[in-house]
Structure formats: C-alpha cells, structure tokens
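Asker: What follows is a single structure, and I will ask about it in a moment.
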C-alpha cells in the first residue's frame, strides 16, 4: 500500500490519514474513539465490530449521515462530523 | 392470532395450551407491520370486527402497557392524488361514518398540517384517528406472557401433525411431532395457524381455503419523527379488496417508534415463493417517494416479506366448524391479522364459555365455502 499522508477534517480538526485507511482507523490513530451519539440516550459510539456489520460506527461524511466509518476509506479534504442521533435533524418537522 | 386466543381464553377462565410450530411470532404475525386499521374497511362484518378490535387493542394497550407493545394510536391519513379519487374517498368515508368509524374529510391545508412532508400534489384526503399500530412480535410475546401467567402452557418448535377424534368423530385434541408431548387432549382446538391454517384444517377433514398473498415491506434508516401517521393512498383500499392475481402495489408509509420508516404494501399471489423481487421493491420505493418526496434522499436498510392469509371472499374464518365438532378456526384475516386478533380471540373466548358473543359470527363461519359450491 502506498503511503502518501493527507488530512481530512473531523469536527473542524485536522486528522492525518494514509491512502486506503478507513475513516475509523484514522480517527482511532488520532486518539478519537467516539463519533456518534445514540438517538435515545445520547451515549457515545465508535467502532464496535470494525468490519461493516454492526452499524455502530455511523458518522456523517461530507454531509451524508449514517456512513460506516470502518469500511469507508478516508479521502483528502473529507469533512467528517460527529453524528447526532439519526443524523437527519434536517428532516425533522 | 393464537396468542390473542390464548390471552382471552385464559382471561375467561379456560385452561389453554399453545402449540407453535416455530418461534413465537415467527410465522405470519412477525412478517407484517402490526396494523390496527378501521380506515381500509368498507361497511360490513369485517368493519364491525375491526371496530371491536380497535377498542380491545386500546384496552390491551392500557392493560399490558402501551410502551411494551409499542402501541401507538397514531391515526391514519388517506391521500387522494386527484379530484376524482377524492370524490370517491368522500363517498367511502360517508358510508364508514354511518357504520361508526371516525373519519374526517380534509383538504390540502389540513393534510399538510397533519403531514408536513407530504407531496404538494395531494388534493385531499381523510383523517382516521382510530387507526393504530403495535409492534407485532412484541404484542404477540406480551399476550402470551400474560396467558402463561394465567396458567397457559406454550410448546414452541412443535408441529401439529394430526387431530385426535373420539368415536363420534369429534376433535378431542391434537397429535404433535414432539417426543415429550405427542398428544395434547383438549375439549376444543382452535386453528390459528396463520397462512398455514388451510393445511391444518385439511388435516382435520374440514378444509378452509386460506391462501398466501405475498407482501413486501421496505425499512428505511432511522429518521426523526417525519412521518407522523399511517399514510396511504386512496387506491390502497381498492387493492386490499381486489381479487386480481397479479402484482398490486399501493403504498403505505409510516414511521415507527424505532425511527425507521416502513413502506408497504405489495400484494401478489405467488404461493410461498420467498424470492426477493427487485421490481416490486423498486415500485414500492417509487410510490413512497411519490407520496413523500424527501424519501428520495433516504437510504433503505432492508426489506422483508410475509404471506398474508386470505380467503377468496376476503373475510376471515372465525368460529366452530360443524364438519369437525370441537374444532374452531381463527384464520384468514389476510393483512389485518394483528388488527383483528383482539376481537377474534375475545369472540372465541365468549363462544367457548357460553357467553353471548359481542358480534354475530355467522358471516365468518367456516362452512360458508362449502355452501357456496353446494
């Protein structure tokens, strides 16, 4: 795997990543362990299964909520944000 | 259905054993949406059953805990996309109101106040505050839990393989495939085998034409409370009552306590075929987006399918079977089984304890199909 380091932003903070690295792996490597709070009780969530099955590591990437951080590769300039609940507050009415 | 029968029969003081082929709620009940609807029924015996059921579910919600069942009296909203459909709907609601249904004809402004994200192409509709919902597997489990507390025994993973008859040929129990409980004697046996009830009735030599009608349901990612009611198009009613064998889709969209939005409801007569049909899922999704355009930006998590147990005349089969004394049926409720389960269990318990049933069971009699061909 080539290793050309770049950064993406997580909640307005620059996070270093390498080609092919998942968003979750890059966040963990930077000491960030949670990037979602649950819908009902607002509890923190991050990686659980790490293989795309459990949907615990959901996060908002470039404005799209409910992306699995553990299977999505980081890209230079990605804007990653902590997901509050369902991440679809824009739809509430 | 079986759980509701066990609940009401034990409440009436009867001793009950439940024989379940698989897991609780794992056959017909768990494959639906948990609808408790009066809105989709035309005046007649099924509507009367639905009105009684609606009242009984409200009582069950109070007794068993609305939270536990995820019972929600969310109300239904029926949407008309054209002036012609709206006119037909107004005639339909007038008939329902005369039969005791609470139904209010509403215009676009009231529609959008009830459902802010609804398509602006809607021209009118109706609001049905009596429509409600439960989570079907939870409801089934809690009904059985209460029945067990009152002494019911439940045999899961046990298949009924035949009936025990006395020398007068009356049904006095069932045979099962269980090595520990191969014969269960009973004064009465209720056939509540869902979409497989026709097969079971056949084993008793008292056939009822309960057949499978396949329906898919789509499940979205969890959302905030965006869809507030059970929302469907006026065409749904026509499809429920249809005798057409081909695919019919008329979309029903509703939010759930869990946040996911459920999108139904297709109806196809394809036997017990469990193959996923992408064209059907696509059509449901497109119709849902037609009703709620914001859904075009929402992901689906999964779909599921179930087999709705229907009879050719679209009425359920409820009551004692004169062809097999001792056998009663509680089946054939098509896509309304959860909704109609409370009244069905209640009426059968009344019948078995000699009380005067709250509703006349004659329209639901099991031998009506044989009469029709005689």
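Asker: In deg cm²/dmol, rounded to 500, what helix-only [θ] at 222 nm does chain A give when every DSSP H run of at least 4 residues adds -39500 (n - 2.57) and the total is split over its residues?
Answerer: Working: 1 runs with 7 residues, N = 93.
Taking each H run of at least 4 residues, the total per residue is -2000 deg cm²/dmol.
Asker: Let me know the shape class of the protein assembly as shown, please: from the alpha-carbon gyration tensor, a ≥ b ≥ c as square roots of the eigenvalues, rounded when a/c is under 1.5, otherwise prolate if a/b is greater than b/c, or oblate.
Answerer: Numbers: a/c = 2.37, a/b = 1.62, b/c = 1.46.
Prolate, because a/c is 1.5 or more and a/b exceeds b/c.
Asker: Looking only at other chains, what is the average number of their beta-carbon atoms within 10 angstrom of each beta-carbon in B:216-223?
Answerer: For this peptide, the per-residue mean of nearby foreign Cβ atoms is 3.
Asker: Share of antiparallel DSSP beta bridges in chain A, in percent to the nearest 5? Before the final figure, lay out the partial values.
Answerer: Values: 13 of 17 bridges.
Bridges in chain A that DSSP calls antiparallel: roughly 75 percent.
Asker: Multiply the residue gap between residue B:66 and residue B:199 by 0.36 nm, knock off their C-alpha separation, and tell me the result in nm, one decimal place.
Answerer: 44.4 nm
Asker: Also, quick follow-up: I want the antiparallel fraction of DSSP beta bridges within the range B:211-310, as a percent rounded to 5.
Answerer: Within the range B:211-310, antiparallel bridges account for around 95 percent of the total.
Asker: For chain B, what relative contact order do you get, as a whole percent, if you take Cα pairs closer than 8 Å and at least 6 residues apart?
Answerer: Computed over chain B, the figure is 24 percent.
Asker: Does a label point 7 Å from the Cα of residue B:83, set along Cα-to-beta-carbon, have any residues of the range B:110-127 with amide nitrogen under 14 Å, and which are they?
Answerer: B:123-124
Asker: Rounded to a whole number of µm²/s, how large is the Stokes-Einstein D of the range A:14-85 at 25 °C and 0.890 mPa s, given Rh as the Kirkwood radius over C-alpha pairs? Show your work: numbers first, answer last.
Answerer: Working: Rh = 11.9 Å.
Value of D from the Cα-based Kirkwood radius: 205 µm²/s.
Asker: Measuring from centroid to centroid over Cα atoms, what is the spacing of the range B:89-124 and the range B:131-191 in Å?
Answerer: Each part reduced to its Cα centre gives a spacing of 42 Å.
Asker: Using only helices, what value at 222 nm comes out for chain B when you add -39,500 (n - 2.57) per DSSP H run of length 4 or more and divide by the total residues, to the nearest 500 deg cm²/dmol?
Answerer: Value at 222 nm, helices only, nearest 500: -9500 deg cm²/dmol.
Asker: From other protein chains only, count the Cβ atoms within 10 Å of every residue's Cβ in A:43-52, then give the mean. Mind dumping the intermediate values first?
Answerer: On the way: counts 0, 0, 0, 0, 0, 0, 0, 0, 0, 0.
Mean partner-chain Cβ count within 10 Å for A:43-52: 0.
Asker: If you take the square roots of the eigenvalues of the alpha-carbon gyration tensor of the range B:127-284 and sort them as a ≥ b ≥ c, do you get rounded (a/c under 1.5), prolate (a/b over b/c) or oblate?
Answerer: Taking the square roots of the gyration eigenvalues as a ≥ b ≥ c, the range B:127-284 is prolate.
Asker: Something else now. Percent relative contact order of chain A, based on C-alpha pairs within less than 8 angstrom and at least six residues apart? Numbers along the way, then the final one.
Answerer: Numbers: 194 pairs, mean separation 29.1, N = 93.
Computed over chain A, the figure is 31 percent.
Asker: Sticking with this structure for a sec: For the range B:141-291, what proportion of DSSP beta bridges, expressed in % and rounded to the nearest 5, is antiparallel?
Answerer: Values: 19 of 20 bridges.
Beta bridges within the range B:141-291, antiparallel portion: roughly 95 percent.
Asker: Give the distance, in whole Å, between the Cα centre of the range B:295-374 and the Cα centre of the range B:1-52.
Answerer: 8 Å
Asker: Between residue B:165 and residue B:181, what is 0.36 nm times their sequence separation minus the Cα-Cα distance? Round to one decimal in nm.
Answerer: 4.1 nm
Asker: What's the Kirkwood radius of chain B in Å, using all Cα pairs? Before the final figure, lay out each step's value.
Answerer: Values: mean 1/r = 0.0474 Å⁻¹.
Taking the inverse mean of 1/r over all distinct Cα pairs, chain B comes out at 21.1 Å.
Asker: What's the ranking of B:276-285, B:77-86, B:330-339 by average number of surrounding C-beta atoms within 10 Å, highest first? List each step's numbers first, then the result.
Answerer: Details: B:276-285: 15.7, B:77-86: 20.3, B:330-339: 27.0.
Highest-to-lowest ranking by the protection proxy: B:330-339, B:77-86, B:276-285.
Asker: What average count of beta carbons from other chains do you get within 10 Å of the Cβ of residues in B:292-305?
Answerer: Average neighbour count from other chains, rounded to a whole number: 1.
Asker: Still on this structure, I have one more. Could you sort the peptides A:9-16, A:31-38 by per-residue average Cβ neighbour count (10 Å cutoff), highest mean leading?
Answerer: A:31-38, A:9-16
Asker: Could you list the residues of the range B:340-354 with an amide nitrogen less than 15 Å from a label point located 7 Å from the Cα of residue B:153 in the Cα-to-C-beta direction?
Answerer: Output list for this probe position: empty.
Asker: Using packing as a proxy for protection, rank B:26-33, B:101-108 so that the peptide with the highest average count of other Cβ atoms within 10 Å comes first. Mind dumping the intermediate values first?
Answerer: Working: B:26-33: 21.8, B:101-108: 18.1.
Per-residue mean Cβ counts within 10 Å order the peptides as B:26-33, B:101-108.
Asker: Also: Residue B:274 to residue A:7: FRET efficiency via 1/(1 + (r/R0)^6), r the Cβ-Cβ distance, R0 35 Å, to the nearest 0.05?
Answerer: 0.15
Read the figures in this text as sums done on the coordinates, not as results from a lab. Everything quoted here is computed from the prediction, not taken from an experiment. Positions of Cβ are backbone-derived with ideal geometry, glycine not excepted, and every protein chain shown enters the neighbour counts.
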